[in-house]
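No value in this document is a laboratory result; all are computed from the given coordinates. From a predicted model like this one, the values you see are computed outputs, not experimental measurements. Using ideal geometry, Cβ is built from the backbone for each residue, glycine included, and neighbour counts are taken over all protein chains shown.
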């Protein structure tokens with residue numbers, strides 16, 4: 001079974017631009033979560049989508065948004081990029097059909113650099 | 001919300017045992033994860049504790065005390081490849097949001 005895939009793997013943008021990142025979950029997984037990872041803050045939760053609906057949201061400004069498609073693929077968008085948005089963006093998927101299913105599988109991440 | 005604390009860095013010797021602690025304060029608790037993350041790679045799942053006690057998986061064990069808001073990850077027979085960051089994360093009840101600690105960077109030395 002293929003793992004979680006993220007595209008692109010690396011991205012360089014300038015301040016003020018916008019960016020869209022993509023995540024394809026493991027086949028059969030319906031929940032997709034997004035995280036931002038920086039050296040100072042660690043892994044911070046952005047949002048989680050399940051069946052095309054946002055279930056949870058972290059404490060990020062409205063410039064960060066996401067969506068999920070009917071095939072469970074998800075995208076996140078960051079508008080009006082700031083230098084502080086430079087980070088590794090990780091996507092994680094899980095099955096989420098039973099109460100015992102809790103393991104998240106992470107993708108390799110997208111390294112975003114804002115100049 | 002959640003507040004999670006773990007040491008920033010630890011160093012241990014190859015072949016030894018190391019214990020990485022994690023304390024948390026939570027408004028609602030479902031369970032606690034441990035993940036391993038090598039530099040430049042994605043986190044990989046190690047364990048998920050829901051009930052109090054120790055769970056063992058090979059060289060790795062994880063302990064949870066819900067009443068104390070405390071967990072630890074125990075690594076035995078350390079190998080050089082165990083050098084990595086170890087992330088403690090708590091899952092909420094209800095909507096099951098996951099909050100991560102900032103991670104403990106473990107360096108294994110010969």
Per residue, how big is the convex hull of the range A:17-64 when only Cα atoms are used? Give it in Å³. 105
Viscosity 1.002 mPa s, 20 °C: Kirkwood-radius Stokes-Einstein D of the range B:45-86 over Cα pairs, µm²/s: 192
Taking A:64, B:33 and counting other beta carbon atoms within 10 angstrom, the fewest-first order is A:64, B:33
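For the protein assembly as shown, which semi-axes, largest first and in whole Å, follow from the square roots of 5 times the eigenvalues of its Cα gyration tensor?
Whole-Å semi-axes of the equivalent ellipsoid: 29, 21, 16.
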Descending Cα extents along the principal axes, the range B:12-52, whole Å: 37, 24, 16
Based on alpha-carbon atoms only, what is the radius of gyration of chain B relative to the globular estimate 2.2 N^0.38 Å? 1.02
Would you please report the Å³ per residue occupied by the convex hull of the alpha carbon atoms in chain A? 99
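Would you please give the FRET efficiency between residue A:52 and residue B:79, computed as 1/(1 + (r/R0)^6) with r the Cβ-Cβ distance and R0 = 30 Å, to the nearest 0.05?
On the way: r = 43 Å, r/R0 = 1.44.
In this case the efficiency is close to 0.10.
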Two-site label geometry, residue B:10 and residue B:41: point separation in nm, points 7 Å out along Cα→Cβ: 1.9
